[in-house]
Amino acid sequence: MKAIYVIGHKNPDIDAVAAAIAYREYKEATDQGLYLAAMAGEMSDEIDFVLEAFDFAPPLHIKNVKTTVEDLLDEKEPFCVCRDMNLMELSNLLRQQELKTVPVVDEKERLLGLITIGDMAMLFMNSLLDVGDLAETPGILGKLLNKKVTDIMKIRDLILFEKDEAAEEARKLMLSTRFRNYPVVDEENRFLGIISRYHLLNMRRKKLILVDHNEKKQAVDGVEEAEILEIVDHHRVGDLQTISPIYFHNEPVGSTSTLVAEKFINMKLTLSQNLAGLLLSGILSDTMLFKSPTTTGKDLSIAAKLQEISGLEPLSWGKAIFENSHQLDKRDDEELIFEDLKEYSSEELIFAISQIETVDLASFSRRKTSLLKSMQEICERKAYAFICLMVTGILEEGTELLFAGEKSSLVEQAFGLHSEKGEIFLQGVMSRKKQVVPVIYEALRQQNLL
């Protein structure tokens, strides 16, 4: 059975990972199929801290979901033969299984070679062609049928594919060669199955359920080749397209973990103590201990129910998450900037906004100069008109906003503040999507840059 991946956005955060793990459990409990939690980027220290606290294994790290050769394989168990089999046994199997090509493997299922029904036919024809006395035929056939498959299998000039090769590249090679079937192996040469031109006509895409995002730029690479089945998110509607109508749950709440937890509660499904703690962590992280303006009454009520199940005190546990995860000294400048960076665009330009949340805003001050230098370099490298870095103080309930780039003056215009150093403090500003992005877009509109 092919897996369905429940996957969050690039630069994963606690909410995306918690939602993926929990929604996988929800789908396993309410629907048929094999579901796997996944993430589209490396696991950060804060995610590792939370997962370890609640004894959850990290989700599968998937870098790309483009269709590969492995996606073309049939779901049934692949048929192959061992090298010690003789041709009599093989002939019976070919007739019973109605096969024309058979892979030969060793005791560890590593591919050794191929035998085709055509190869066997040529062997028999060549062996009997010059027989002068028909009485000799039974003896010749007996010797042939006692031969081992390794005596006649084809080992040279084989065309085979590794499972992770792009399906499109395989298609090109298959259409340019004359063979009927092509073996597929893994990185250790273990046989996985056979593909043919028929499989190209019935190509199966990877199946995804997206959580905590619905924009292509934030999705795992190759998402345009995958089949999206569902989306559960709390952000603005993005630009992803689907093959057919899907289940799309989008609400203006502070966290996707809120929506996933609500599904468990509404369906009266059991939430374990650890899963409740994980979901509560996602809510606390995304709402910045309920201080973000994105926090809603639903976030608060769901968090209260998760508190009851998990036995955690939300504010104490939330502070522990931020104290243990947002330690600026552990990352270099570019790691900090790219950890939660999102790109935005208008018809005229592209810009980026990154955000860091911390309970130790004071320790950040000594890195401002080097961060601004790195931001300028990123702008030049990525061709951004400007870049912003929000360093949000959870306890201060405000944001130190750094900005750089050729058109960074637009940021000053947007907030009506001026700074020679590329930094301004925004008291009460906690949310990128509600308090920064709309303000900047309005400034762009006023400058006729939208």
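Quick note: the coordinates plus some simple rules give every number you see, no bench work behind them. Remember, it's a predicted structure, so these values are computed and weren't measured experimentally. Ideal geometry is used to build each Cβ from the backbone, glycine not excepted, and the neighbour counts take in all protein chains shown.
A compact table of results
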{"quantity": "Linear extension gain, LEU201 paired with GLN413, 0.36 nm per residue minus alpha-carbon span", "calculated": "70.8 nm"}
{"quantity": "Against the rule of thumb 2.2 N^0.38 Å, how large the Cα Rg of region 73-194 comes out", "calculated": "1.19"}
{"quantity": "Extreme residue, positive dipole direction of the chain, given options HIS61, PHE191, VAL17 (C-beta unit charges)", "calculated": "PHE191"}
{"quantity": "Region 335-348 - phi-based ³J(HN,Hα) in whole Hz, Karplus 6.51/-1.76/1.60, Gly and Pro as x", "calculated": "4, 5, 5, 7, 4, 9, 9, 10, 8, 9, 8, 10, 5, 9"}
{"quantity": "Global form of region 328-446, assessed from the alpha-carbon gyration tensor, a/c cut-off 1.5", "calculated": "oblate"}
{"quantity": "Alpha-carbon gyration tensor eigenvalues x 5, square-rooted, for region 40-105, Å", "calculated": "46, 15, 10"}
{"quantity": "All Cα pairs of region 200-242, percent lying beyond 14 Å", "calculated": "45"}
{"quantity": "Cross-link reach list, aspartates and glutamates versus LYS407, counting only Cα pairs under 17 Å and skipping chain neighbours closer than eight places", "calculated": "GLU343, GLU347, GLU348, GLU377, GLU380, GLU420, GLU423, GLU442"}
{"quantity": "Of LYS10/LYS382; LYS10/LYS434; LYS268/LYS305; LYS76/LYS148; LYS319/LYS421, pairs whose Cα-Cα distance is over 19 Å", "calculated": "LYS10/LYS434; LYS76/LYS148; LYS319/LYS421"}
{"quantity": "Förster radius 56 Å - calculated FRET efficiency between GLU348 and ILE159, Cβ distance, rounded to 0.05", "calculated": "0.70"}
{"quantity": "Coil-residue trypsin sites (Lys or Arg not before Pro) of region 378-444, DSSP, other Cβ within 10 Å capped at 12", "calculated": "LYS421"}
{"quantity": "Most mobile listed residue (LEU402, LEU112, LEU259) in the chain, GNM with C-alpha springs under 10 Å", "calculated": "LEU112"}
{"quantity": "q = 0.11, 0.15, 0.18, 0.21 Å⁻¹, region 266-384: log10 I(q)/I(0) [Debye, one scatterer per Cα]", "calculated": "-0.52, -0.82, -0.98, -1.13"}
{"quantity": "Whole-Å distance, taken between Cα centres, linking region 4-46 and region 233-258", "calculated": "15"}
{"quantity": "Region 158-251 - percent relative contact order, Cα under 8 Å, separation 6 or more", "calculated": "20"}
